[in-house]
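Please read the structure below before turning to the comments.
What follows draws every value from the coordinates through simple rules; no lab data is involved. Since this is a predicted model, take the numbers as computed values, not measurements. Cβ coordinates were reconstructed from backbone atoms using ideal geometry, including for glycine residues, and neighbour counts include every protein chain displayed.
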């Protein structure tokens, strides 16, 4: 009840404009897993959403990075975005560290998120193992910064791989708690019943998680000591063919149905890669190659990889050499991103109760 004895009106339901945010870490050479799990999805989403794509360099330094290599990697990821077909004029492409509001909102979220939530994050446990005491505080708080990355633009959808889905769920929890904690202030500032949306993960396609070519139980990774475990986007045709030829498999022919892949992780991985590159389902691939030996399937997969990746590799190399152009794209994208982020932070400060200029 208010002072007059009447119940206050229920705040109107907030309607959020659909918007996509996602990012890629600039840590070493990009590989096929980055391309199929993220970059191709980014390109596909351009026609349906307003998109904001970020090189998340603040996340990269949660573990030590050689500074000159980090600079090179930021530009390489940007070149990959552009080479794959992301339009930096219609959408926003930038690097995270140029927009200070990411870190600013992350601190507010550090004060909203609960330790119990952070302790459930499996990636921190996987990355640190038994050496947890020597991990950086940044690595532990990484999911809170990821939530800020998404919500500083009030994004509604996040294309991610399966391994990042838990972090998007945490972003939803943080957004919900912020909305609940500050509900009256949110309504009084004219934002309806919620200030932040609850972002939805977008997990698309048959190869959202590409596995190592040497071990089908492990994710394809830039940190794997074996270069044979991954297809780098900078690999030439000969390197791709050699890595696929050497990829670990088993002695049996490919099955005719997907059920036959359930206990064969390496076979499942290669079929999934073929499916994703060709735009087919695993079932379609097995209709074509079921019963075939890997001596038949591997050359077909290598040819498909070369056909799909070679144009992107060539364009990446051209763009990487044009440093001034890459930096201009990042500067333009950062300026446009900051306009949105600054407006969000202005409202967050009002809602929380900070005094601002």
For the stretch 295-357 versus the stretch 26-78, the gap between their alpha-carbon centres in whole angstrom: 6
For the chain: relative contact order, % (alpha-carbon pairs under 8 angstrom, 6 or more apart): 23
Order by protection proxy (mean Cβ within 10 Å, highest first), peptides 337-346, 265-274: 265-274, 337-346
Label assignment, Rg/Rh (Cα atoms, Kirkwood Rh) derived from the structure, set [x] 1.02; [y] 0.99; [z] 0.97: [x]
Estimated distance in nm for a label pair at residue 304 and residue 126, the labels positioned 7 Å out from Cα along Cα-to-Cβ: 2.5
Cα centroid separation, the stretch 79-156 to the stretch 261-280 (Å): 30
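What number results when the radius of gyration of the stretch 227-320, computed over Cα atoms, is divided by 2.2 N^0.38 Å?
Its radius of gyration relative to the 2.2 N^0.38 Å reference: 1.11.
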Calculated [θ] (222 nm, deg cm²/dmol) that DSSP helices of n ≥ 4 give over the chain, each run adding -39,500 (n - 2.57): -15500 deg cm²/dmol
